[in-house]
Every structure is written in C-alpha cells, then in structure tokens.
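The block underneath contains the structure these notes are about, expressed in structure tokens.
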Amino acid sequence: MQVEEKKQPKKENPIPGVKKSKRIIKHIVVHCSATKEGMDFSAEDIDRWHKNRGWSGIGYNWVVRNDARGTIETGRDVDRIPAHVKGINRSSLGICYIGGLDQNGDPKDTRTDIQKHQLRSLLKDLRKIYPEAEISGHNQWSSKACPCFDCKIEYSQI
Ligand SMILES: [Zn+2]
C-alpha cells in the first residue's frame, strides 16, 4: 500500500509582536533609522539611543534589521503608545527599517530586497488585524525625508 505523504502548507514563522492593540489604531507609519547604508543595528540599540534622549525606551513598535534575513524585532508593545510621529502617537503604530542614509549621510532608500520583503510581510499581517488603519511614511506627516521612499505609492495595494 502506498501511503501518500500529506503535504503540509508551508508555515512561515509568525512575526513577533503582531497582535491586536487595546488602542484604536488609525495609522501605521514607516520610518528609517537614519543610519548609514550597510550598517546594522538592533531594537536594543535603538532602545538605548531613545533612552539617551530621555524617553522611556524605543519609540517604535518594530524594527526591520539590515541583516541577512531582514530580521523583524519587536520594540515597544503595541498596547503602549509609541513615540514616533508628533500628534498621532496615541492612534498609531511605528515601524523602523535600519538604514536611510548613504555613505555621506544624505537621505537614501537603502532598503535591501530582504528588508523590502520583510516590511511588506509585516504590513500585510498588520493590515489583517487593522483593516481600517492607513499606511503612511513619516515624510507624509512632517517635512522629513524619513523613510526615504514613497509609502503611499509602494503600499497602495496592501
Ligand atoms: Zn521617521
């Protein structure tokens, strides 16, 4: 008797920290860390930087690292109010990819292919939980280059 091997659907690892917030989420905002191309930093590094600014810790809810896997790390828990865009912190979530500057320190979309993929995966997962939330870039809220690409165009189909 031939036993047919059941094909299991390929399960991807769930993205850490993705869950429904106790807060009402109207905006999901993408940032860059404003660090130079090719360099990698962790959520722990950013936590330290933000503490040095006198904040309670990392202002973002997620970090997409510039490592070989584009590892997604959790920052502030989604139930806690992030610190990332003046005026909408209470009703938003913040995601930061590592990069955003060229070697001279000028704004540049430095995202690697894997970072692009990971950002998209995270946004898609969040979209399922927060179908009403609008995805935007920090530069749509203030006169900053961050995140150095046009989220409105790139994420219009998510
Ligand atoms: Zn920003």
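The selection criterion, being crowded, with 17+ Cβ neighbours inside 10 Å and assigned to a helix (DSSP H, G or I), holds for Leu122. Contact annotation: residue pairs with Cβ atoms under 7 Å, 6 or more positions apart or on different chains, pairing a residue in region 116-144 that is under 14 Å from Val30 (Cα atoms) and charged (D, E, K, R) with a partner that is within 14 Å of the ligand (Cβ to nearest atom) and not in a loop (DSSP other than H, G, I, E, B), are Glu134/His27; Lys144/His138. Say we look at region 33-50 and pick out the residues that are within 16 Å of Gln103 (Cβ to Cβ) and of a type in the set (S, T, N, Q); which of these is nearest to the ligand (Cβ to nearest atom)? The extreme case among them is Ser33. Of all the numbered requirements in (1) surrounded by 18 or more Cβ atoms within 10 Å (Cβ to Cβ); (2) more than 15 Å from Ser33 (Cβ to Cβ), His117 misses one, and that requirement is (1). Does Ser156 fit the bill of being part of a loop (DSSP other than H, G, I, E, B), within 16 Å of the ligand (Cβ to nearest atom) and either surrounded by fewer than 18 Cβ atoms within 10 Å (Cβ to Cβ) or free of Cβ contacts under 8 Å to residues at least 40 places away in the same chain (or both)? No: the conditions fail for Ser156. For Gly100, state whether it is of a type in the set (Gly, Ala, Ser), modelled with pLDDT of 95 or more, crowded, with 19+ Cβ neighbours inside 10 Å and more than 12 Å from the chain's Cα centre (by Cα). So Gly100 passes the test.
Per the listing Lys7, Lys51, the residue uniquely among the basic types (Lys, Arg) and either modelled with pLDDT under 95 or closer than 27 Å to Glu154 by Cβ (or both) is Lys7.
Inside region 53-88, residues that are buried (at least 17 other Cβ atoms within 10 Å of the Cβ) and within 15 Å of the ligand (Cβ to nearest atom) make up a count of 13. Taking the residues in region 89-119 that are polar (S, T, N, Q) and part of a helix (DSSP H, G or I) as candidates, determine which candidate is nearest to the ligand (Cβ to nearest atom). For region 89-119, the residue satisfying everything is Asn89.
The values are calculated or read from the model by the stated rules, or taken from the named source; none is laboratory data. On a predicted model such as this, the values are computed, not experimentally measured, just so you know. Using ideal geometry, Cβ is built from the backbone for each residue, glycine included, and neighbour counts are taken over all protein chains shown.
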